[in-house]
């Protein structure tokens, strides 16, 4: 099982939208590295949903339901909403945590699909 962080612009598709829809195909990703990360996902992988824009915070969890990599340039990843985080974690808090020093989340700010270590996932979820 792997962990990832998915960034979304809440004015386009928020965590609340995901909770309402329950399941969605994660799309709108164009960056080649982000697409590669999407294509590497497996059912059961754990996800953190991070809202960009004014929020700039990790706000909830989700799980990968299915991955269709038949189109390698645009993998279709279906995700299922999880729970809101007990306490959202701001970008400032993430940047100040040593666990994230080498993370693409901090180093490559525009990357929309970011692999996480289990320790990073734990910090974000508060588990």
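Where a number appears in this text, it was derived from the coordinates with a stated rule and is not lab data. Note that this is a predicted model, so its numbers are computed, not measured. We place every Cβ from the backbone using ideal geometry, glycine too, and count neighbours over all the protein chains shown.
Pick from 115, 84, 32: which residue has the top mean-square fluctuation in a GNM of the chain where Cα pairs under 10 Å get a spring? Greatest mean-square fluctuation among the candidates belongs to 32. Short-range pairs are left out: with C-alpha atoms under 8 Å and at least six residues apart, the relative contact order of the chain is 32 percent.
Cβ-to-Cβ counts within 10 Å put 80, 42, 7 in ascending order as 42, 80, 7, the fewest first. Exposure proxy for 18, 47, 85: other Cβ atoms within 10 Å of each Cβ, ordered fewest to most, give 85, 18, 47. Panel order for 50, 121, 13, by other beta carbons found within 10 Å of each beta carbon, from fewest to most: 13, 121, 50.
Evaluating kT/(6 pi eta Rh) at 10 °C and 1.306 mPa s, with the Kirkwood radius of the range 3-122 over Cα pairs in the Stokes-Einstein relation, gives 111 µm² s⁻¹. The stretch between residue 71 and residue 87, if pulled fully straight at 0.36 nm per residue, gains 2.1 nm over its current Cα-Cα span.
In the chain, helical runs assigned H by DSSP with n ≥ 4 each contribute -39500 (n - 2.57); averaged across all residues and rounded to the nearest 500, the mean residue ellipticity at 222 nm is -6500 deg cm²/dmol. Note that the range 41-92, at 25 °C in a medium of 0.890 mPa s, gets a Stokes-Einstein diffusion coefficient of 203 µm²/s from its Kirkwood radius over C-alpha pairs.
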